[in-house]
1. Multiply the residue separation of Glu89 and Thr34 by 0.36 nm, subtract the distance between their alpha-carbon atoms, and state the gained length in nm to one decimal.
2. Ordered by packing density, taken as the mean number of other Cβ atoms within 10 Å over each peptide's residues, highest first, how do 96-106, 82-92, 61-71, 11-21 rank?
3. If I model a spin label as a point 7 Å beyond the Cα along the Cα-Cβ vector, how far apart are those points for Cys82 and Arg110 in nm?
4. So for the pair Ala12, Thr50, with labels modelled 7 Å out along Cα→Cβ, what separation do we get in nm?
5. Would you mind getting me the FRET efficiency between Glu21 and Glu98? Use the beta-carbon distance for r and R0 = 22 Å, nearest 0.05.
6. Putting +1 on Lys and Arg Cβ atoms and -1 on Asp and Glu Cβ atoms, find which of Ile26, Val77, Thr50 reaches farthest to the positive end of the dipole of segment 25-83.
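Nothing in this text is a laboratory measurement; each read-out follows from the coordinates by a stated rule. These numbers come from a predicted model, not from an experiment. Note: ideal-geometry Cβ built from the backbone for every residue, glycine included; neighbour counts use all protein chains shown.
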Amino acid sequence: MSETVTIRGFVATEPRHLVTEGGLPITSFRLVSTRRRFNRDTSSWEDADTNWYTVSSFRRLASNVAGCVSKGDPVVVSGRLCIREWTGEQRGITAEIEADGIGHDLSWGRSEFTRGGGETDSASAPGPVASEQEAEPAESVPVAA
């Protein structure tokens, strides 16, 4: 099974970055996502179901994640969800996300974006970016006092 999903959660392990012998950067980490519910009887928020995911990223995304994401960070991950059954001494199911995009969840704080960094590949390289001098000036919008 493979579905596209977007998950909000917290980075539960320090991201592990490696480069294969073929030069492919890969960064992976565990993501924990816990739903919260408001209990009207106690007038307080309570934890509900907790889901764990293994998140893997490749190429430029992997290099950028390795330099920007740390254990404990709130993130939003979008990518393909794969559910895999495994057997051995025990049996289990693993939820894995092959990430297309990973970013900090700004509902928890602030982040600063810096363009560039990481590996480049023509398939995911952005188009040309205008310099500050070439960019059109921002329109000023009147604000009521």
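1. Working: separation 55, 0.36 × 55 = 19.80 nm, distance 2.82 nm.
Fully extending the segment from Glu89 to Thr34 adds 17.0 nm.
2. Per-residue mean Cβ counts within 10 Å order the peptides as 61-71, 96-106, 11-21, 82-92.
3. Placing both labels 7 Å along Cα→Cβ, they lie 3.9 nm apart.
4. 0.7 nm
5. Numbers: r = 21 Å, r/R0 = 0.93.
Here the calculated transfer efficiency is 0.60.
6. Sorting the options by dipole projection puts first Ile26.
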